[in-house]
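Enquirer: After the structure tokens below, expect a handful of questions from me.
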Amino acid sequence: MSDIIKNIFLWIVIAMVLMTVFNGFGDRGRQGEANLSYSQFLDNVKAGHVQNVTIDDNSITGNFQTGETFRSFAPSDPHLVDDLLANGVEIKAKPPEEESLLLQILVSFGPMLLLIGVWIFFMRQMQGGGAGGRGGALGFGKSKARMLEKDQNKVTFADVAGCDEAKEEVEEMVDFLKDPAKYQRLGGKVPRGALMVGPPGTGKTLLARAIAGEAKVPFFTISGSDFVEMFVGVGASRVRDMFEQARKHAPCIIFIDEIDAVGRSRGAGLGGGNDEREQTLNQLLVEMDGFEGHEGIIVVAATNRADVLDKALLRPGRFDRQVTVGLPDVKGREQILNVHMKKVPASDDVQVKYIAQGTPGFSGADLANLINEAALFAARLNKRLVSMVDLEKAKDKLIMGAERRSMVMDEKEKRMTAYHEAGHAIVGRLVPDHDPVYKISIMPRGRALGVTMFLPENDQYSASKRKLDSMISSLYGGRIAEEIIFGWEEVSTGASNDIERATELARNMVTKWGLSQRLGPLAYSEEEGEVFLGRSVTQHKTVAEETSHTIDEEIRSIIDKNYERAETILKENMDVLHAMSDALMKYETIDKYQIDDLMNRKPVREPQGWDDSTPPSSGVSKSDDSQDGSQIGETAEQN
């Protein structure tokens, strides 16, 4: 707002100066005056037409007997006054104006002064103006850290849910900031820095703000990319300036988000020893553990790439402690949902526990987005409360993608999609250790024509060889169903993503996870190093040609075994395959309860809220020529 006021004031000043200049240059006479030459003026005086005159230096203004005004300019005429008195003209004299000199100066130097003023104003803006010279084009050496005073930060540990272990790790820092003498009496030192590591959206930034909010201390926040500019030395200068500000406000917390932007391992050599990023990192290392010290300053950083950070940054005395902020488990998801549901009016049928159980792998940000999407669904229908149906719709949208109801396709393509998804579901249901089938839909979502969604009943952190084999079998179920029903010549490109994922699983089983008896528990995959991490491009793990051939044979063996198993299952359950396809053609989307009916060979119950008078939407449009076959027929299988 202050910048807007300053700009308005500047334009007002410019307008006033310009008006003054133009008035000085312009004709200062009044409108309607008759401009007379001196000869014409004398003729009118002698003829008795002039009533009065006002003499101002060499300027003469006056009125005729008729009341009209005139203006004239007199040369040095010593007889002028005598002529006027002889003809009965009333004479008025105006003294010389003292401000005329000032006006002349303003007219002469006004434009130059205006340009100088504008130049000074913009230079101050570039240097940061009234903000203490911080920021701006010429203030690039100053820190861009934004400070929240202790009264501005309202976030506490009560606002952070789903990461109880991480909160326990950082409570020590809060105690130290509140009562440093408690630790110093026993010679203990609080960790100087804490590195928060975890996937995106898990609440690392929120937890850092909660630390500052609980301790009631100032909170400086900056991104790692804010340090580095195109000018050499700017990053190091900003690091120094940031710590200088922090010392003035100690005790305080400095939070550096995405620290991997400046903290990557040194020695890559693309920029040599003068690499700007390395200079910034060096200065950060010095500030965190240098001669000057920084008592009362705790540095908290966040990253999801701890593996690329420089080792010197992680040693004790700098980032002494690594706090893992991982994806929440089912209990944590329930806590996070409860926090966000407080901001939304919810109906009595909402059961947060079931939403938490059905969202494995969701981060805190994903769950916040789920609540927001549910509120938007309810608002579109002019509801006053968010119901369980809205939450289920939001969950399906986030997991399976948004529905594309505006697209249409012919009956044959729709029928093929139904058999494809039914093949996935039947095989996934009958192989051992596979995640339960949650929902099947031939309603196009995102880039997929259909979706078969599997959801685990509990949080899982590892997978057995039996489960991996079952996943490969279910991935091929869709393609096999197409081949059985429509023949080899009619098989579509819809299984492209399934084949890619199945092959990747089989390759990892052989080369990474040691799940091949023939090759044993050895890692055969090549390490994918990056040049800027100081790893040479030529340092790759080589595999002998004979071993590579054996790897391919083992991958083929895993694929063939699971392909044959899936084919056997579908041929033994052809009646279920046809019935499930018919149910999908009728309802477009079926859930686990209807799948149970089909697998038990019972009549299929209608979906909740089903109305026979409303026919299902047509589905997906005929293939768009702008898309390739793999995108048109891609089938998404969620795990």
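The values are calculated or read from the model by the stated rules, or taken from the named source; none is laboratory data. Remember, it's a predicted structure, so these values are computed and weren't measured experimentally. Positions of Cβ are generated from backbone atoms using ideal geometry, with glycine treated the same way; all protein chains shown enter the neighbour counts. Note: accessible area is taken over every heavy atom of the protein model, side chains too, but ligands, DNA and RNA are not part of it. Shrake-Rupley method; radii C 1.70, N 1.55, O 1.52, S 1.80 Å.
Enquirer: Pairs only if they're at least six apart or on different chains, beta carbon under 6 angstrom, first in region 316-344 and within 17 Å of Glu172 (Cβ to Cβ) and hydrophobic (A, V, I, L, M, F, W, C), second open to solvent by less than 60 Å² (accessible area, probe 1.4 Å) and in a strand (DSSP E or B); list them, first residue then second.
Expert: Phe319/Gly193; Phe319/Leu195; Val323/Ala194; Val323/Met196; Val325/Met196
Enquirer: Same structure again: Being open to solvent by less than 50 Å² (accessible area, probe 1.4 Å) and either free of Cβ contacts under 8 Å to residues at least 24 places away in the same chain or in a loop (DSSP other than H, G, I, E, B) (or both) is the filter here; which residues of region 45-61 pass it?
Expert: Gly48, Ser59, Ile60
Enquirer: Give me the residue from region 252-268 that is at pLDDT below 80 and open to solvent by 50 Å² or more (accessible area, probe 1.4 Å) and, out of that set, nearest to Ile222 (Cα to Cα). First the steps, then the outcome.
Expert: Taking region 252-268 first, the residues at pLDDT below 80 are 266-268.
Keeping just the survivors that are open to solvent by 50 Å² or more (accessible area, probe 1.4 Å) gives 266-267.
Working: Arg266: 22, Gly267: 25 Å.
Applying the filter and picking the extreme gives Arg266.
Enquirer: Another one. Kindly indicate whether any position in region 193-203 is modelled with pLDDT under 75, in contact with a strand residue (DSSP E or B) (Cβ under 6 Å, 6 or more places away or on another chain) and part of a strand (DSSP E or B). Show your work before the answer.
Expert: First pass over region 193-203, keeping only residues modelled with pLDDT under 75: none.
No: region 193-203 contains no residue that is modelled with pLDDT under 75, in contact with a strand residue (DSSP E or B) (Cβ under 6 Å, 6 or more places away or on another chain) and part of a strand (DSSP E or B).
Enquirer: When you scan region 163-186, do you find a residue that is without any contact (Cβ under 8 Å) to a residue 40 or more places away in the chain, part of a loop (DSSP other than H, G, I, E, B) and not charged (D, E, K, R), even just one?
Expert: Taking every residue of region 163-186 in turn, at least one turns out to be without any contact (Cβ under 8 Å) to a residue 40 or more places away in the chain, part of a loop (DSSP other than H, G, I, E, B) and not charged (D, E, K, R).
Enquirer: Of the conditions (1) in a helix (DSSP H, G or I); (2) touching a strand residue (DSSP E or B) at 6+ places or on another chain (Cβ under 6 Å); (3) under 18 Å from Asp164 (Cβ atoms), Ala375 satisfies every one except a single condition; which number is it?
Expert: (3)
Enquirer: What number of residues in region 347-386 are open to solvent by less than 60 Å² (accessible area, probe 1.4 Å), hydroxyl-bearing (Ser, Thr, Tyr) and within 24 Å of Gly203 (Cβ to Cβ)?
Expert: 2
Enquirer: Oh, and also: Applying the selection to region 357-414, what residues are in contact with a Pro (Cβ under 8 Å, 6 or more places away or on another chain) and β-branched (Val, Ile, Thr)?
Expert: The one that is in contact with a Pro (Cβ under 8 Å, 6 or more places away or on another chain) and β-branched (Val, Ile, Thr): Val386.
Enquirer: Then there's this: State whether one or more residues within region 189-206 are more than 30 Å from Lys331 (Cβ to Cβ) and of a type in the set (D, E, K, R).
Expert: Yes, some residue in region 189-206 is more than 30 Å from Lys331 (Cβ to Cβ) and of a type in the set (D, E, K, R).
Enquirer: Working only within region 379-412, note down all residues that are of a type in the set (Asp, Glu) and modelled with pLDDT under 85.
Expert: At the first step, the residues of region 379-412 found to be of a type in the set (Asp, Glu) are 390, 392, 396, 403, 410-411.
The answer is Asp396, Glu403, Asp410, Glu411.
Enquirer: Pull up region 577-606, narrow it to residues that are assigned to a loop (DSSP other than H, G, I, E, B) and of a type outside the set (A, V, I, L, M, F, W, C), then point me to the one that is surrounded by the most Cβ atoms within 10 Å (Cβ to Cβ).
Expert: Glu588
Table: residues versus (1) open to solvent by 10 Å² or more (accessible area, probe 1.4 Å); (2) not charged (D, E, K, R).
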| site | (1), (2) |
| --- | --- |
| Glu413 | yes, no |
| Ala422 | no, yes |
| Ile426 | no, yes |
| Asp433 | yes, no |
| Ser441 | no, yes |
| Pro444 | no, yes |
| Leu449 | yes, yes |
| Glu457 | yes, no |
